[in-house]
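Undergrad: Shown below is the structure under consideration.
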Amino acid sequence: MNITFQGHSCFTVEVGEYKVVIDPFLTGNPIAKLKPEDLKCDFIIVTHGHGDHIGDTFELAKANDAMVISNFEIVTYCQQNGLQNAHAMHIGGSHEFPFGRVKFTIAHHGSCFTTDDEIIYLGNPMGVLLMAGGKTLYHAGDTGLFLDMQLIGEMNKIDTALLPIGDNFTMGIDDAVKAAELLNARVTIPMHYNTFDLINQDASVFTSRVAKKGQQARILNVGDSYDF
Ligand code: NI
Ligand code: MN
């Protein structure tokens, strides 16, 4: 599995011949280098309805004829707005796709889409386990720390965990260090920081504190790839 950090919580994942993107927030993302028209994908996984995660989902799905994979509410919202190629799942459920298996986990956060004058509720937010080619990737979505991360770590041999560290809307560094410990992934990579001033963090503080506990952590700069 090969992952590339596209800024914020957006990762492109290459599994064999398939290209998957998680939380494709490129337009309006000040640290993104990739333009939506340059992103090729077959599948789009959306963890929750906030604009910095659903992002360019509609444009990308249409341009690439890509399938959207998300919770029932987000998938229904997509289908009501012209995206028929969408697969609904929910927390605790898993499903085999051509690229591998997706399982959604809990995340403690919100999930809505805001227009100029209304808030559309889009179900519960989620994290995602992506299992392909004998490897397991965990993308925590936006979440606070929760003890069930220990269970997720016990029941899945996680190769790479992607954890938010930006604070304010999600875990900050203190809680993310504890999350890394509970998940016990082979490598932990921080996300959801330095996109906006409000979530500025020194990611090296996170990685060094994780390393001090005997676990591996690494920083991916925007555009960096990691193969595992
Ligand atoms: Ni969010
Ligand atoms: Mn977010």
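The values are calculated or read from the model by the stated rules, or taken from the named source; none is laboratory data. Please read these numbers as outputs of a predicted model, since none were measured by experiment. Quick reminder, even Gly has a Cβ in these numbers, built from the backbone with ideal geometry, and neighbours come from all protein chains shown. Accessible surface areas use protein heavy atoms only, side chains included; no ligands, DNA or RNA. Shrake-Rupley method; radii C 1.70, N 1.55, O 1.52, S 1.80 Å.
Undergrad: Of these, F72, F43, which one is under 24 Å from I152 (Cβ atoms), surrounded by fewer than 22 Cβ atoms within 10 Å (Cβ to Cβ) and free of Cβ contacts under 8 Å to residues at least 60 places away in the same chain?
TA: Details: F43 fails: surrounded by fewer than 22 Cβ atoms within 10 Å (Cβ to Cβ).
Criteria check complete, one pass: F72.
Undergrad: Among the listed residues D56, D52, which satisfies the condition of being within 15 Å of ligand 2 (Cβ to nearest atom), in contact (Cβ under 8 Å) with a residue 60 or more places away in the chain and not hydrophobic (A, V, I, L, M, F, W, C)? Break it down into steps so the answer makes sense when it comes.
TA: Numbers: D56 fails: in contact (Cβ under 8 Å) with a residue 60 or more places away in the chain.
Sole residue among the options that is within 15 Å of ligand 2 (Cβ to nearest atom), in contact (Cβ under 8 Å) with a residue 60 or more places away in the chain and not hydrophobic (A, V, I, L, M, F, W, C): D52.
Undergrad: Look at the range 172-197 and say how many of its residues are farther than 20 Å from L130 by Cβ and in a loop (DSSP other than H, G, I, E, B).
TA: So the answer is 5.
Undergrad: Residue under question is F113, and the condition is that it be at pLDDT below 95 and either within 15 Å of ligand 2 (Cβ to nearest atom) or open to solvent by less than 30 Å² (accessible area, probe 1.4 Å) (or both); does it hold? Write out each step before concluding.
TA: Details: at pLDDT below 95: yes; either within 15 Å of ligand 2 (Cβ to nearest atom) or open to solvent by less than 30 Å² (accessible area, probe 1.4 Å) (or both): yes.
When the stated conditions are applied, F113 passes them.
Undergrad: Further, regarding this structure: Can you tell me which of A180, A176, A211 is within 16 Å of ligand 1 (Cβ to nearest atom) and either open to solvent by 10 Å² or more (accessible area, probe 1.4 Å) or closer than 25 Å to V21 by Cβ (or both)?
TA: Values: A180 fails: within 16 Å of ligand 1 (Cβ to nearest atom); A211 fails: within 16 Å of ligand 1 (Cβ to nearest atom).
Matching residue, one of A180, A176, A211: A176.
Undergrad: What pairs can you find where one residue is in the range 167-179 and under 16 Å from G214 (Cα atoms), the other is open to solvent by less than 10 Å² (accessible area, probe 1.4 Å) and within 16 Å of ligand 2 (Cβ to nearest atom), and their Cβ atoms are less than 8 Å apart, with a gap of 6+ or different chains?
TA: Listed pairs, sorted by first residue: A176/L163; A176/P164; A176/I165; A176/P190; A179/A140; A179/L163; A179/M171.
Undergrad: Any idea how many residues of the range 124-147 are small (G, A, S), assigned to a loop (DSSP other than H, G, I, E, B) and in contact with a strand residue (DSSP E or B) (Cβ under 8 Å, 6 or more places away or on another chain)?
TA: Just the residues of the range 124-147 that are small (G, A, S), to begin with: 127, 132-134, 140-141, 144.
Of the ones still in play, those that are also assigned to a loop (DSSP other than H, G, I, E, B) are 133-134, 140-141, 144.
Keeping just the survivors that are in contact with a strand residue (DSSP E or B) (Cβ under 8 Å, 6 or more places away or on another chain) gives 133, 140-141.
So the count comes out to 3.
Undergrad: Sort through K33, K40, K19, K62 and tell me the only one that's part of a strand (DSSP E or B) and away from ligand 2 (no atom under 15 Å from the Cβ).
TA: Numbers: K33 fails: part of a strand (DSSP E or B); K40 fails: part of a strand (DSSP E or B); K62 fails: part of a strand (DSSP E or B).
Answer to the selection: K19.
Undergrad: Moving on. Please go through the range 1-19 and give me each residue that is in contact (Cβ under 8 Å) with a residue 60 or more places away in the chain and within 16 Å of ligand 1 (Cβ to nearest atom), ordered by number.
TA: If we filter the range 1-19 for residues that are in contact (Cβ under 8 Å) with a residue 60 or more places away in the chain, which is where we start, we get 1-9, 11, 13, 15-16, 18.
Scanning the range 1-19 gives G7, H8, S9, F11.
Undergrad: Taking the condition within 16 Å of ligand 1 (Cβ to nearest atom), farther than 19 Å from N2 by Cβ and buried (at least 20 other Cβ atoms within 10 Å of the Cβ), does I119 pass?
TA: Working: within 16 Å of ligand 1 (Cβ to nearest atom): yes; farther than 19 Å from N2 by Cβ: yes; buried (at least 20 other Cβ atoms within 10 Å of the Cβ): no.
In short, no.
Undergrad: Which pairs do you get when a residue that is closer than 14 Å to V187 by Cα and open to solvent by 60 Å² or more (accessible area, probe 1.4 Å), found in the range 131-158, comes within reach of a residue that is in a loop (DSSP other than H, G, I, E, B) and hydrophobic (A, V, I, L, M, F, W, C), reach meaning Cβ atoms under 8 angstrom, with the pair 6+ apart or on two chains?
TA: Listed pairs, sorted by first residue: K135/M1; K135/F228.
Undergrad: Please verify whether G92 is of a type in the set (G, A, S), at pLDDT 95 or above and open to solvent by less than 20 Å² (accessible area, probe 1.4 Å), treating the condition exactly as stated. Before the answer, list the steps.
TA: Working: of a type in the set (G, A, S): yes; at pLDDT 95 or above: yes; open to solvent by less than 20 Å² (accessible area, probe 1.4 Å): no.
Taking the combined requirement at face value, the residue does not satisfy it.
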